[in-house]
1. How large is ³J(HN,Hα), in whole Hz, for each residue of region 378-393 in order, when computed from phi with the Karplus curve 6.51 cos²θ - 1.76 cosθ + 1.60 and θ = phi - 60°, using x for Gly and Pro?
2. How big is region 38-159 on each of its three principal axes, counting only the C-alpha atoms and giving the largest first in Å?
3. For the chain, treating each Cα as an identical point scatterer without solvent, what Debye log10 I(q)/I(0) comes out at q = 0.10 1/Å?
4. For every helix of n ≥ 4 consecutive DSSP H residues, a contribution of -39,500 (n - 2.57) applies; sum these over the chain, divide by its total residues, and give [θ] at 222 nm rounded to the nearest 500 deg cm²/dmol.
5. Using only Cα atoms and rounding to the nearest 10 degrees, what angle (0 to 90) does helix 43-55 make with the longest principal axis of the chain?
6. For Ala45 and Arg340, calculate 0.36 nm times their separation in residues minus their Cα-Cα distance, and state this gained length in nm to one decimal.
7. Aspartates and glutamates within cross-link reach of Lys84: Cα-Cα under 13 Å, excluding same-chain residues under 8 positions apart?
8. Which of rounded, prolate or oblate describes region 411-559 when judged by the alpha-carbon gyration tensor and an a/c cut-off of 1.5?
Amino acid sequence: MGQLSALPVLYVVDHEAVSLDVLLADLSRRFGSGFTVRGETSSEAALVALQEMAATDVSVALLLVDDADADLLAQAHELHPRAKRVLLVDRDYSSSSPAVQAMALGRADYHIVRPWADDEMMYGPMSDYLFSWIREQEPNFELFRIVAADGDSRVLQLRDVMTRFGMPFAIYPVDGEAGRGLLHEAGLDASRLPVVVRYDGHTIIDPSLPDLARAIGVNVTNDVDTCEVAIVGAGPAGLTAAVYAASEGLDTVMLEEEVSGGQASTSPLIRNYPGFPHGVNGGVLMERTCEQAWLMGAHIVFAQQAVALERQGEQRVVHLRDGTELRARAVVLATGIEWRRLGVPRLEALVGSGVFYGAAVGESRAMADQDVFIVGAGNSAGQAAQHLAKHARTVTLLVRGESLAKSMSTYLIRAVESTPNVVVRNHTEVVDGSGAGSLESLTLADRASGAVAEVAADAMFIMIGGEPHTRWLPDDIARDAQGYLITGRDVLDQPATPWTYQREPLTLETSMPGVFAAGDVRQGSIKRVASAVGEGATVVRMVHEHLRAYELDPAVRAG
Ligand SMILES: Cc1cc2nc3c(=O)[nH]c(=O)nc-3n(C[C@H](O)[C@H](O)[C@H](O)COP(=O)(O)OP(=O)(O)OC[C@H]3O[C@@H](n4cnc5c(N)ncnc54)[C@H](O)[C@@H]3O)c2cc1C
């Protein structure tokens with residue numbers, strides 16, 4: 001093989017010699033000025049070469065491996081964890097394609113299909129993948145520097161806020177030289193932490209969420225008294241409603257109690273959002289949607305919780321945490337739900353790459369011959385176990401309590417118990433996990449004996465329930481037993497909140513006319529990003545309908 005150089009390497013493994021030669025020639029022509037292009041036809045020889053490169057600190061930017069040996073990507077990843085992993089596969093659209101499993105389990109970052117009809121199909125994506133590698137190598141300009149004590153739980157929130165607003169930042173331990181230097185420059189000691197230092201020297205000590213949002217430069221006070229539509233919650237449903245409402249000329253205000261993005265922005269990789277075959281970072285997707293809503297003309301207020309809602313004749317009044325109020329002719333409630341989180345940092349970092357919150361049906365084929373775990377003991381966990389067991393080698397249900405009997409229906413318990421490849425582990429808690437790029441192992445604690453064991457794991461589905469954000473709403477907005485908002489014709493079946501309005505409730509309308517619900521907070525919602533986005537877009541159509549009826553018919557106005 002050729003001479004090693006200081007240039008990063010683009011390494012190709014194609015088990016067909018003719019195809020490899022063509023690829024190496026083409027890739028060298030296109031990327032040879034910035035990368036050394038090398039390759040092999042055998043997995044064994046490739047591994048030896050990759051080992052040599054790792055031993056001599058040669059940086060590998062990208063591995064392009066054909067599907068004759070998809071496992072090679074995993075081995076190569078251990079040697080070159082920062083290299084982008086691209087699988088070269090046939091375009092057969094079959095569910096047994098190696099690409100399906102590799103992507104689902106986070107064992108490949110991208111795929112390229114062959115044959116490629118034109119250069120754009122091959123070299124366009126390759127440029128993007130290489131560019132994303134280059135971007136990751138460049139040191140970030142730090143707009144914010146955070147000095148914190150080791151293990152300070154506030155760091156998690158600071159990290160979350162910075163990430164959600166796309167702010168480059170770095171954390172400096174207070175006992176390190178750089179951390180001490182930053183405090184010294186700011187004239188502070190370590191008695192109150194964390195300290196956040198902005199690029200211009202502005203310093204905030206132990207910041208609250210509004211302090212932080214203000215330092216980032218976003219709006220945290222509402223200076224608008226009235227609007228046509230008030231949207232509460234800036235997750236996928238609320239943000240999409242804001243994009244559509246503002247773009248269709250409605251005077252729109254959106255209130256968010258934290259920062260934008262909702263649950264979706266806590267997922268490092270959303271794999272099922274249409275149009276992103278390699279997945280999309282939830283924070284990035286939401287940040288872009290937020291920018292779009294803003295540029296369409298929505299007025300967005302962060303760190304401002306809606307604490308009450310009331311109907312005053314034709315107006316709907318939203319009361320804010322800071323004591324101010326916002327009057328609107330229609331309100332969209334897109335406040336979502338709070339899933340219980342596992343709270344294990346190393347596993348949270350692998351969400352989307354072997355670790356999943358919620359239902360498993362869509363991923364079940366990709367779990368063929370894998371060892372899969374489900375955390376939870378409810379009916380949804382039981383149903384997921386049944387689905388996954390059709391394809392996975394083993395499915396282990398991890399149950400905190402003594403048994404499934406308290407939380408799962410008897411018919412499902414029977415089904416689970418009679419499926420040979422499903423195992424139930426009672427009084428078991430997930431306390432840690434690991435994986436380089438994708439999940440590899442879980443650490444399980446037996447709550448009865450105290451024993452702790454590490455087990456190999458290919459995927460874990462977390463199904464431990466959640467609660468909708470609806471406690472703040474008045475009693476005349478009907479909810480089901482779990483707190484989800486009832487909408488559409490179902491409103492007519494609620495004796496406690498009789499519907500007396502001039503027209504029938506619209507599909508996404510709650511029992512308070514002119515107040516709508518979209519996304520996870522709605523009874524019967526699908527609990528997916530795309531469905532929340534769909535409801536966010538749909539609800540605006542109904543807001544228009546409500547406002548039009550209001551304009552045309554004085555009887556409706558009298559409501
Ligand atoms: C870790 C994780 C991974 C996920 N992965 C996927 C995935 O891969 N694919 C997928 O399709 N789905 C995924 N989901 C589910 C998906 O994110 C949700 O279905 C979706 O975000 C719901 O959108 P929403 O707008 O209805 O609500 P949410 O995203 O919950 O947003 C609601 C917003 O309202 C705000 N809010 C609440 N109460 C108030 C109030 N009183 N005043 C002001 N603001 C308020 C909240 O702060 C929040 O920002 C995942 C969820 C989690 C938690």
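1. Going residue by residue, I get x, 4, 5, 5, x, 5, 4, 4, 5, 5, 5, 5, 5, 10, 5, 6 Hz, with x marking Gly and Pro.
2. Sorted from largest, the Cα extents of region 38-159 read 51, 34, 27 Å.
3. Reported log10 I(q)/I(0), two decimals: -1.00.
4. Working: 15 runs with 170 residues, N = 559.
The helix-only estimate for the chain comes to -9500 deg cm²/dmol at 222 nm.
5. Taking Cα atoms only, the helix is inclined about 80 degrees.
6. Numbers: separation 295, 0.36 × 295 = 106.20 nm, distance 4.70 nm.
Taking 0.36 nm per residue and subtracting the Cα distance, the gain is 101.5 nm.
7. Qualifying aspartates and glutamates at Cα under 13 Å: Asp109, Asp128, Glu136.
8. It comes out prolate by the Cα gyration axes.
The values are calculated or read from the model by the stated rules, or taken from the named source; none is laboratory data. Values in this document were obtained by computation on a predicted structure and should not be read as measured data. Here the Cβ is made from the backbone with ideal geometry for all residues, glycine too, and neighbour counts use every protein chain on show. The area values use the complete protein model at the heavy-atom level, side chains included, leaving out ligands, DNA and RNA. Shrake-Rupley method; radii C 1.70, N 1.55, O 1.52, S 1.80 Å.
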